[in-house]
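See structure below.
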Amino acid sequence: MRNEDWKKISRLVSKRSLWMVHFCTGCGAMEMPPVMTSRYDMERFGMHAMATPRQADILLITGYLAVKTLKRVVQVYEQMQDPKYVIGFGSCTINGGMYWDSYNTIKDLSKYIPVDLYIAGCMPRPEAIMDAFLKLMDMIDKGEAIGWKKYRKYYDQYKRNQRMAFAYRLDEVKEIKEDDAK
Amino acid sequence: MMAQELFPQAQKIREGRIRIETTKDEVGTILRKLKENGYDHFVMLSCIDWINDGEFELVYHMWSYEYREHVMISIRVDRENPTMLSLRDIFPQIETYEREIHEMFGVNFIGNPRLGDFILEGWPHIPPMRKDFDTEKFVKDFYYKIPEVREE
Ligand code: SF4
């Protein structure tokens, strides 16, 4: 068998056993209990919550992130093994949502870690979450969920953005802008 | 004894709401006296920035389950050099509120050993809850200017 075929098989298998990190932030976490328990029962898709990031495949960012939380999220994300997938929940992860003018929440998650899929809504209903899970499986099957590869490839850019956010520094942002202009 | 009997200067705002305006030095005595007289729940400590007066207002909220009465003890501190004595020996939970107000408004609570990074880690600007901190400008100049990850 060729290497490509093996990859196909491994994707086919792994999309049916996605374990998620049990890490919730923001209000979107409120919609997880019905998804995890018998009402929507995500276990029928082979998904369940895992206590440690090293054994998990997906990271759900369930809402707004304070800079302090972002530090923890980055740490968790980096501890996860490849391949790993990130789903951003709700408008807060997309553009800041109703916290667009808060001094302490990041506005666009994809500047700091690669996001494979966003779910619209504030907050997304369990139906939307289930739909996103199916979509993610589909993307994995087709080999489109490549956020983890992006993180490796553009590691320095992600790290630069993370450093800027952690420092809350404006001048550092300007310096980098000037560097880019040169 | 109810708060109005203990302190003649207490104003009744409405049923179940009492406000006492006092000075920095007397807060400790008032809190202790209230604690001994059935007001044994320290609810919270809040802070208001009266920028035009050049003062911060600190409000100590107390509650009595016995009288079902909410007492607010209000003091003003100077905005330029805001200091206040820590009252963590009366109610230990005050320590946490003092940490928060130190971080958000920059009030220095003398005698609190844990005034340091709390919710914000390594915040280099003026405390963000002060009225002269322009949140919207900060967000636009900072978060929105962090560059997107460019893919080649
Ligand atoms: S998108 Fe809405 S529900 Fe989700 S974290 Fe933000 S404010 Fe909360």
- Note on the structure: All conditions in (1) free of Cβ contacts under 8 Å to residues at least 40 places away in the same chain; (2) touching a Lys or Arg at 6+ places or on another chain (Cβ under 6 Å) are true of A:Trp148 except (1)
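Per-residue answers, yes or no, for (1) at pLDDT below 90; (2) surrounded by fewer than 13 Cβ atoms within 10 Å (Cβ to Cβ); (3) at positive phi; (4) away from chain A (no Cβ under 14 Å):
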position: B:Arg79; (1), (2), (3), (4): no, no, no, yes
position: B:Ser86; (1), (2), (3), (4): no, no, no, yes
position: B:Gly111; (1), (2), (3), (4): no, no, yes, yes
position: B:Asp117; (1), (2), (3), (4): yes, yes, no, no
position: B:Gly122; (1), (2), (3), (4): yes, yes, yes, no
- Message: If a residue must be more than 14 Å from chain B (Cβ to nearest Cβ) and in contact (Cβ under 8 Å) with a residue 24 or more places away in the chain, how many such residues does the range A:78-96 contain?
- Response: 12
- Message: Among the listed residues A:Leu59, A:Leu65, identify the single one that is within 14 Å of another protein chain (Cβ to nearest Cβ) and within 16 Å of the ligand (Cβ to nearest atom).
- Response: A:Leu65
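Yes/no per residue for (1) under 15 Å from A:Ile119 (Cβ atoms); (2) not in a helix (DSSP H, G or I):
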position: A:Tyr40; (1), (2): yes, yes
position: A:Leu59; (1), (2): yes, yes
position: A:Gly63; (1), (2): yes, yes
position: A:Lys71; (1), (2): no, no
position: A:Val76; (1), (2): no, no
position: A:Gly88; (1), (2): yes, yes
position: A:Ser91; (1), (2): yes, no
- Item | Residue selected from the range A:4-20 under the condition in a loop (DSSP other than H, G, I, E, B) and not small (Gly, Ala, Ser), by the criterion nearest to the ligand (Cβ to nearest atom) | A:Leu18
- Note on the structure: Within the range A:45-63, the residues that are under 12 Å from the mean Cα position of the chain (by Cα), more than 13 Å from A:Ser14 (Cβ to Cβ) and not β-branched (Val, Ile, Thr) are A:Leu59, A:Leu60, A:Gly63
- Pick from the range A:68-109 the residues that are of a type in the set (Gly, Ala, Ser) and out of contact with any helix residue (DSSP H, G or I) (no Cβ under 6 Å at 6 or more places or on another chain): which of them is nearest to the ligand (Cβ to nearest atom)? A:Gly96
- Item | Residue satisfying all of: in the range B:126-142; more than 7 Å from chain A (Cβ to nearest Cβ) and in contact (Cβ under 8 Å) with a residue 12 or more places away in the chain; farthest from B:Glu57 (Cα to Cα) among these | B:Ile126
- Counting only residues in the range A:11-43 that are farther than 28 Å from A:Ala66 by Cβ and small (Gly, Ala, Ser), the one surrounded by the fewest Cβ atoms within 10 Å (Cβ to Cβ) is identified as A:Ser38
- Message: What are the pairs with Cβ atoms under 7 angstrom where one residue, in the range A:13-27, is charged (D, E, K, R) and the other, located anywhere, is away from the ligand (no atom under 16 Å from the Cβ)? Sequence gap at least six, or different chains.
- Response: A:Lys15/A:Met137; A:Lys15/A:Ile140; A:Lys15/A:Asp141; A:Arg16/A:Gly46
- Message: If A:Phe133 satisfies all but one of (1) closer than 27 Å to B:Pro147 by Cβ; (2) away from chain B (no Cβ under 14 Å), what's the number of the condition it fails?
- Response: (1)
- Could you check how many residues of the range A:97-130 are crowded, with 20+ Cβ neighbours inside 10 Å, in contact (Cβ under 8 Å) with a residue 40 or more places away in the chain and assigned to a loop (DSSP other than H, G, I, E, B)? 7
- 2 or more residues polar (S, T, N, Q) and in contact with a strand residue (DSSP E or B) (Cβ under 9 Å, 6 or more places away or on another chain): qualifying strands (runs of 3 or more DSSP E) within the range B:10-67: none
- Item | Residue count for the range A:21-35, restricted to those that are within 14 Å of the ligand (Cβ to nearest atom), β-branched (Val, Ile, Thr) and over 21 Å from A:Met80 (Cα atoms) | 0
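The values are calculated or read from the model by the stated rules, or taken from the named source; none is laboratory data. If you're wondering where the values come from, they're calculated on a predicted model, not measured in any experiment. Heads up, the Cβs are rebuilt from the backbone with ideal geometry, glycines too, and the neighbour counts pull from every protein chain shown.
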